[in-house]
Amino acid sequence: MKPNSILTLTPVLVLLLVMLPGLTIFADDSDVLEKPLTSRIEYRSVDHLGEQDDEGWVLAWKASVSGDLTGELRYWFPETPPVPEGAYSGGKVGYYLAKWELWNGEELILAGESAGKTVIPDGEDGIWDGHGIVMEANGDLRSLKGRKIYETGTVIIPSDPAVPSSGSGMFLVY
């Protein structure tokens, strides 16, 4: 490394070291759950059923949820994705908007919105992840309204088009 680059890099590193601790000092502890609620999801595609809500969103995925939260998670997608699917060297990427609902039997316990992406390498299963927010929370979970969520998982692409896609992943409220 040249002496000039060391002299230029040193002030930047010092600035970062001074600023990083300061950012955490100003963080609001009430914005973070003491312990995130983490659940495993096992999902399957159900968009072939053609079920739509009153706003025209299509029920695309149903998931069994176990862990800190339990029940059935339902993902609703608009008929048209927010951005057309794109190709890249070695695969494709798609973006999504979703409304999701967590049901415990006939009771809606959480609902919200999320957005994210799915990456599918050529000839391989896909990986998706997204972020969102809890818009509705009922019963013992009322305090979760306004909390953030993170969702991720694999999408198993079947070799037979008649078989629905499926996968497993994680649903986290923090």
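The values are calculated or read from the model by the stated rules, or taken from the named source; none is laboratory data. Treat the numbers as computed from the prediction; the structure is a model and nothing was measured. Cβ placement follows ideal geometry from the backbone for every residue including glycine, while neighbour counts extend to all protein chains displayed.
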* Right, A87: out of contact with any Asp or Glu (no Cβ under 8 Å at 6 or more places or on another chain), on the phi < 0 side of the Ramachandran plot, at pLDDT below 95 and outside any loop (DSSP other than H, G, I, E, B) or not? -> yes
* Scanning for something in contact with a strand residue (DSSP E or B) (Cβ under 6 Å, 6 or more places away or on another chain), closer than 17 Å to Y96 by Cα, touching a residue at least 40 places away in the same chain (Cβ under 8 Å) and buried (at least 18 other Cβ atoms within 10 Å of the Cβ), does the stretch 130-147 turn up at least one residue? -> no
* Asked: Of the residues in the stretch 74-114, how many are surrounded by fewer than 15 Cβ atoms within 10 Å (Cβ to Cβ), within 18 Å of S39 (Cβ to Cβ) and of a type outside the set (D, E, K, R)?
  -> 1
* To do: Inspect all residues belonging to the stretch 61-72 and state whether any of them is of a type outside the set (A, V, I, L, M, F, W, C), over 17 Å from the mean Cα position of the chain (by Cα), surrounded by 15 or more Cβ atoms within 10 Å (Cβ to Cβ) and closer than 28 Å to E34 by Cβ.
  => yes
* To do: Identify all residues within the stretch 51-83 that are closer than 17 Å to W128 by Cβ and either of a type in the set (F, W, Y) or in a loop (DSSP other than H, G, I, E, B) (or both); write none if there are none.
  => W61, Y75, W76, F77, P78, P81, P82, V83
* Is one or more of the residues making up the stretch 26-36 modelled with pLDDT of 95 or more and in a loop (DSSP other than H, G, I, E, B)? -> yes
* under 13 Å from E151 (Cα atoms), touching a residue at least 24 places away in the same chain (Cβ under 8 Å), in contact with an Asp or Glu (Cβ under 8 Å, 6 or more places away or on another chain) and of a type outside the set (S, T, Y), is that true of G112? -> yes
